[in-house]
Amino acid sequence: MKVLFAAAEVDPFSKVGGLADVAASLPRRLMEIGHDVRVVAPCHESSLAAHAASTSHRAYTVALPGRPREIDVGVAEGYGGVPVHLVADAHYFGKREVYGEPDDLLRYQFFCRAIIEMLKQDDWVPDVLHLNDWHTAPLAFALRNLAWSNPKLRGVASVFTIHNLRYRGPDELNDFLSQAIYYSDIVTTVSPTYAREILTQEYGEGLEPLLQLKGEALVGILNGVNYDVFNPRTDPQVRHQYDLSTLEGRTLNRTALRGELGLPETSGPILGMVTRLTEQKGVDLVLRAMPEFLASGAQVVVLGDGDRWLKDELTRLQTDHPENVRLAARYDAGLAQRIYAGTDMFLMPSRYEPCGLGQIIAMRYGAVPIGRRTGGLGDTILDAEENPEGGTGFLFDEFSPFGLVSAFERAIRAFRDPEVWMRLQSNGMSRDYSWRASATHYVEAYVLALRRRGIVPRE
């Protein structure tokens, strides 16, 4: 099957969030299991060197209202040898910011127009066009609208993945997300529970009536993690590498993390967060639960940037409790890995969480997650009380300090029992949340999309 994966960012050429990881890892796994997959993304400033180094370039004329523009598409090699087509245009792209430019709406509309020209002119035509979030959402309507007059496009099915329903684009009068939900052959979200949640008024962001119309064409597929990258046995960012068979050596990373952050050695646990500092991620809940954390002798380490008031409150706590609280208000991939490898518990008390990768990476590195039962958190964390032998962490339901503290108290009791704690760590490290299973589910979604278009899928 031939698949064109369209995304605003793709690791290692551009990366802001989890979409870049998905755009790199899912196509790689699809190619490994025998599919012909290509990725198309804008050539942002971080991609310019790769674009310039490409030995394969193609020129296209992109029609616009008014004057057409010439683009240069260079092909770079992504992870696992996946071809990544970088769309270069000096006016719209080549900028430092992937998101947040004043002309974001026009930039990504232009990106969609560029993809349409590629589909019209290239000999290689995909069976499935896989779209991601609002940046590529207009293509769902364009594909259906143009198919009537272009035979090449009639055989292309569309799959649209919602990574976070709240992000609908920079203009409240241009909701491309709604168009894509309506016109795509299949709509997917990044976890089974989130797919059910967005059908409700609480999580549907006003689109729940439209989403309910999709019926079986709305599918939840859990995001995976690249286990080659996130591997404590080989991770170069981890001070002391280890695996399931040498789990006892993980304590060296706790000591190293405390040394790196200037925290004293204590007998209490280290609680970690790697997150955007937003209320969606439940950082405000952590602030309200902080007295109970500190009273237990725990140390709290937070890596991330975001809302000013949350950053100010964490900074104040760090000043008031220098032996127990640390804030690294930045994006630091290396420190993130060392937090996963060196903390005992990993906090994800989100208001909502479409999938979440932090809890999956934490378990991969032997940190025990504490999360709210929402979205992908409920799909990936097995509560220790509900699963005494197979549990991997602790869940709570009520979004309140009481809910978080109650889960933390259960975690503390387990932490003080070395046998129970090691079982939790081992269970988490043994779970397989790689792209292996998820990629298979996406292939099933692609087949279903083609059948809904009346197309017989290729073997």
Task: Given (1) crowded, with 24+ Cβ neighbours inside 10 Å; (2) in a helix (DSSP H, G or I), index of the condition CYS355 fails - done: (2)
- [ ] Taking the residues in the stretch 222-264 that are more than 29 Å from GLN318 (Cβ to Cβ), of a type in the set (A, V, I, L, M, F, W, C) and surrounded by fewer than 18 Cβ atoms within 10 Å (Cβ to Cβ) as candidates, determine which candidate is nearest to the chain's Cα centre (by Cα).
- [x] VAL229
- [ ] Scan the stretch 51-79 and report the pairs whose first residue is closer than 19 Å to ALA20 by Cα and touching a residue at least 60 places away in the same chain (Cβ under 8 Å) and whose second residue is assigned to a strand (DSSP E or B) and not hydrophobic (A, V, I, L, M, F, W, C), with Cβ atoms within less than 8 Å and a gap of 6+ or a chain change.
- [x] ALA76/PRO83
Task: Within the stretch 276-304, tally of residues that are part of a loop (DSSP other than H, G, I, E, B) and under 19 Å from GLU260 (Cα atoms) - done: 2
Open item on the list: I'd like to check something: does the stretch 67-87 contain any residue that is on the phi < 0 side of the Ramachandran plot, of a type in the set (Lys, Arg) and assigned to a helix (DSSP H, G or I)?
Closed with: no
- [ ] Quickly run through the stretch 400-439 and pick out the residues that are assigned to a helix (DSSP H, G or I), of a type in the set (Ser, Thr, Tyr) and modelled with pLDDT of 95 or more.
- [x] SER406, SER426, SER430
Open item on the list: Just to confirm my filter: which helices (runs of 4 or more DSSP H) fall fully inside the stretch 92-205 and include at least 1 residues that are touching a residue at least 60 places away in the same chain (Cβ under 8 Å) and more than 23 Å from the chain's Cα centre (by Cα)?
Closed with: 104-121
- [ ] Being within 27 Å of THR189 (Cα to Cα), of a type in the set (Asp, Glu), in contact (Cβ under 8 Å) with a residue 12 or more places away in the chain and out of contact with any Lys or Arg (no Cβ under 6 Å at 6 or more places or on another chain) is the filter here, so list the residues in the stretch 368-413 that pass it.
- [x] ASP379, ASP383
- [ ] Please specify each residue of the stretch 21-67 satisfying the condition of being exposed (fewer than 13 other Cβ atoms within 10 Å of the Cβ) and of a type outside the set (A, V, I, L, M, F, W, C).
- [x] GLY34, THR55, SER56, THR61, PRO65, GLY66, ARG67
Task: Filter result (in a loop (DSSP other than H, G, I, E, B) and touching a Ser or Thr at 6+ places or on another chain (Cβ under 6 Å)) within the stretch 306-335 - done: ASP307
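The values are calculated or read from the model by the stated rules, or taken from the named source; none is laboratory data. Because the structure is a prediction, the values reported are computed rather than measured. Neighbour counts run over all protein chains shown; Cβ positions are idealised from the backbone, glycine included.
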